[in-house]
Amino acid sequence: MAQSVYVASVEGHTAKSVVALGVLEALTKKFDRVGVFRSVTPDQGLDSVLDLLLANTNMELEPEECIGVSYDEMHQSSEVALAKILERYKALEERCDAVVVIGSDYTDIFSPAEFSFNARVAANIGVPMILVFNGREVYTTSEHLGQAAPRNSQDLLAMAEQTMVEVREAHTTILAAVVNRADAERLDSIRASVAHALPKDVPVWVVPEDPFLPAPRMGRILEAVGGKLEFGSTQRLASEAMDLVVAAMTPEHVLERITENSVVVLPADRTDVLMTLLMADKSATFPRLAGIVLNGGFEIPTQIRQLIDGLEPSLPVITTDGRSFDTTIKIASTRGVIGASDPDKVARARQLVVDHIDVAELLGNLDNSQPRAITPMYFEYSLTERARDAKKTIVLPEGADDRILQAAHLVLQKNIAELIILGSPAAMKARAVELGLDLTGAQLVEIATSEHYQPCVDEYLSLRSHKGVTEEQAKEKMLDVSYFGTMLVQLGIADGMVSGAMHTTAHTIRPAFEFVKTKPGVDSVSSVFLMALADRVVVYGDCAVIPEPTIEQLADIAISSAETARQFNIEPHVAMLSYSTGESGSGAEVDRVRAATQLVRERAPELSVEGPIQYDAAVDAAVAAAKLPGSSVAGRATVFVFPDLNTGNNTYKAVQRTSGALAIGPVLQGLNKPVNDLSRGALVPDIVNTIAITAIQAAG
């Protein structure tokens, strides 16, 4: 994984691109390949923020490969948008040592919930976030439109507290916080206020307002009002407009209100004021102006035009047909862009970050930062990627089920696995056409005419003749889809099997019991569910196979579940669950769990295991400290072994339905080769996930 960081505003007008630019420069000094990724981009026009960052990175990247979704796609479905962002980000990440991800711009009707979406993106792509707060309040009233005043510490504290509520809800990892555009006189008090709401290990940096960065150049104002440069030099269109003055009064009162580098809006028929301003700009006793915008569409009289031409003013004078109010709003809404075409602003922005953000500390924190959350979406994505890398062949015996065909279409489309699908090839092809599916990459196999039929019969006869099985019986068995599919796995023609959409669990796994057999040292086939909670993945077993496990079977379940956990990058801390914790209780059921725990310790002394233990002590650090202080499992369990099927099955369904957890399984464990059972109510995504899991199991 690349060392990446997500720069996100908690509201609009934070100038987060300044922070992103500084972070990008720091990373390009450390890494050879630093990418840039924009999670949500505007629907129309060019993305100036992305263009700026791409111009300052050290990789050759096309904008199209650095974009997640548009606002329009986000509106259509936030979940689909999240999945697309994850996929596109990961495709870019594979090529990079580090990536600067930059959040959305609050230029859309979605903005009230925009930070929440950005926080979810950061959590789902597994990238820590830099929060960017605005140190200034931007007015939206007509009287002060476009003006901004410093925010007080209490307002910033309230904003930080609300932000952290959304951060915790999204399970986002925070790397640092920056208050941008802050009052230079109150940097320390601002830092203290925001830090009060954030975790103690999160650094807070405060960057003072540089008034030149958000100030628009006169060239942008010319574009914003759709105007024409009537007088003045094109060179001075590069001047920043630091203030906005609306002049509808007599010349002497206008002179009282103008400030250095202000842009003055006045009606085109007030030529007296126009002449006064042109002279004031040339005078050493009055402020130098940025420009004048004449609105209303009035023609400048010939004599006045002749007079102005004779003065040869360099001050830009722009004419527009707009009304005073409309023109004023357009100018007030125009902000300076720190863009690739404006190297002066880029240089100022970089220096601002260097002066006020401890880049060395930021990079050090990034080195040590690991996203704390594994979301269900990220876990599903990781399953897909690992299965794709495994390049295994999975047999699906139930080609007559539409869900199997739909899942097969997705598996082939995502290149998760090669597939063998059993059934009538003609019927499957016809149904695929009706459903709009593409199965051309799969092997569609009719058992009776398959080249593998007789070898499967011969192998079954070889393995079961000592049980009195005849050749005729072997032929009959191999016409059963579960037996034939399992034998393809046994012979290595397929690497694993997924079945159960149309058949019972017993029918699915019986052939595996007969000739695939269990792994050395394991006497019991059991099952687990991989429970993808909001911020982590845990393992529940056994929830589908053994109704009332013995002491030996409980030990088998625990050891096999720990092995399964490792296969899916979950560090196993095994909780042997009971209604009692430690030595506090007694009774036959508690004693059974206690004995099973001891057996696990004897058979797998390296395993972190605790039992008997109650569920609350297994997951809650405070309860664990009271009931089992010093335990390596209590408060941090990742593998939960239930005392019986009744408890396990009901618990996984209760957690799934009440918390919205993604339950993947049942995943069978303990067999020499992977055979997995589906619920007969399985949905298409469930089948896709099970196929991916089976491919990963086959990879070992």
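The values are calculated or read from the model by the stated rules, or taken from the named source; none is laboratory data. Note that this is a predicted model, so its numbers are computed, not measured. Reconstructed Cβ throughout: ideal geometry from the backbone, glycine too, with neighbour counts over all protein chains shown. What goes into the accessible areas is simple: the full protein's heavy atoms, side chains included, and nothing from ligands, DNA or RNA. Shrake-Rupley method; radii C 1.70, N 1.55, O 1.52, S 1.80 Å.
Would you work out the Kirkwood radius for the stretch 130-256? I mean one over the mean of 1/r across all pairs of different Cα atoms, in Å.
Mean inverse Cα-Cα distance, inverted, gives 17.4 Å.
Let me check the size of the stretch 334-437 from its C-alpha atoms; what are the radius of gyration and Dmax in Å?
Spelled out, the Cα radius of gyration and Dmax of the stretch 334-437 are 25.6, 71 Å.
Please give, to one decimal in nm, the separation of the simple spin-label points placed at A238 and R388, each 7 Å out from Cα toward the Cβ.
According to this spin-label approximation, the distance is 4.6 nm.
Over the chain, calculate the relative contact order: mean separation of alpha carbon pairs under 8 Å at least 6 apart, over the residue count, as a percent.
11 percent
Against the longest alpha carbon principal axis of the chain, how many degrees, from 0 to 90 and to the nearest 10, is the axis of helix 359-368 turned?
10 degrees
Note the listed values [x] 43, 29, 24; [y] 36, 30, 27; [z] 67, 30, 18, then indicate which one is semi-axes √(5λ) of the Cα gyration tensor in Å calculated from this particular structure.
[z]
Of all accessible surface on the stretch 205-244 at a 1.4 Å probe, what whole percent is carbon and sulfur?
Carbon-and-sulfur percentage of accessible area, whole number: 53.
For the stretch 343-432, which whole-number percentage of the solvent-accessible area (1.4 Å probe, protein heavy atoms only) is attributable to carbon and sulfur atoms?
Heavy-atom surface of the stretch 343-432 belonging to carbon and sulfur, 1.4 Å probe: 50 percent.
Across bins of 10 angstrom width beginning at 0, how are the C-alpha pair distances of the stretch 182-294 distributed, in whole percent?
P(r) over the stretch 182-294, rounded to whole percents: 13, 35, 22, 14, 12, 4, 0.
Per DSSP H run of at least 4 residues, take -39500 (n - 2.57); add these up for the chain, divide by its residues and hand me the 222 nm value, nearest 500 deg cm²/dmol.
Helices in the chain give a 222 nm mean residue ellipticity of -13500 deg cm²/dmol.
Rolling a 1.4 angstrom probe over the protein heavy atoms, how many square angstrom per residue are accessible across the chain?
Ligands and nucleic acids excluded, the result is 43 Å² per residue.
Could you please state how large a percent of the accessible area of the stretch 450-583 is carbon and sulfur, counting protein chains only and using a 1.4 Å probe?
Carbon and sulfur: 50 percent of the exposed surface of the stretch 450-583.
Just to check I understand the Karplus step: with θ = phi - 60° and J = 6.51 cos²θ - 1.76 cosθ + 1.60, what whole-Hz values come out for the stretch 174-188, glycine and proline as x?
Each residue of the stretch 174-188 in turn: 9, 8, 6, 9, 10, 9, 9, 6, 7, 5, 4, 7, 10, 4, 5 Hz.
Restricting to the chain, compute how many DSSP beta bridges are antiparallel as a %, nearest 5.
Roughly 25 percent of the beta bridges in the chain run antiparallel, per DSSP.
Any idea how far the Cα center of the stretch 442-505 sits from the one of the stretch 279-343, in Å?
85 Å
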